[in-house]
Amino acid sequence: MHVPERGCALASGLMLETPVSIKRGWFDGGIVAVPLGVLEGFHMSGVGGGIGHAFPRAMLCTYMSCADLPKGQWFGHSCAHGEGPHWIKVAMTRLSNKAIYSKLLAMAEAEKER
């Protein structure tokens with residue numbers, strides 16, 4: 001993760017170890033938790049990662065290495081299309097991140113202002 005984003009995480013009052021629930025796309029049921037520190041480039045997007053399905057409305061998204069996904073848990077990414085690790089786009093829902101969503105959203109706003 002780049003230093004400015006670490007600054008955003010710390011400025012938001014969140015620790016880099018804070019668990020964040022992520023999913024691959026709007027209709028994806030595979031939700032896993034990863035530490036905030038592995039996520040980079042918070043933004044709002046109307047298109048998911050992978051095959052790029054359009055979302056019904058914009059979602060809070062970010063990027064991460066697939067190498068940082070929890071082992072043994074299903075997630076909507078495989079390295080079948082080529083040797084990893086891959087840089088993947090993931091989404092975060094308000095419902096799955098109730099306690100921290102407003103801070104994650106503030107990080108996206110801070111990114112937009114740069």
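Only the coordinates and a few stated rules stand behind these numbers; no lab work does. Worth saying up front: this structure is predicted, and the values here are computed from it rather than measured. Reconstructed Cβ throughout: ideal geometry from the backbone, glycine too, with neighbour counts over all protein chains shown.
Label points 7 Å out from Cα along the Cβ direction at V47 and K112: separation in nm?
Between V47 and K112, the simple spin-label model gives 1.9 nm.
Suppose the chain between R94 and K71 were pulled fully straight at 0.36 nm per residue; how much longer would it get relative to their current alpha carbon spacing?
Full extension of this stretch gives 5.9 nm more.
HN-Hα J couplings of segment 68-75 from phi, Karplus 6.51/-1.76/1.60, θ = phi - 60°, integer Hz, Gly and Pro as x?
For segment 68-75, the Karplus curve yields 8, 5, x, 6, x, 10, 6, 8 Hz.
Could you line up E40, E83 from fewest to most neighbouring Cβ atoms inside 10 Å?
With the fewest neighbours first, E40, E83 line up as E83, E40.
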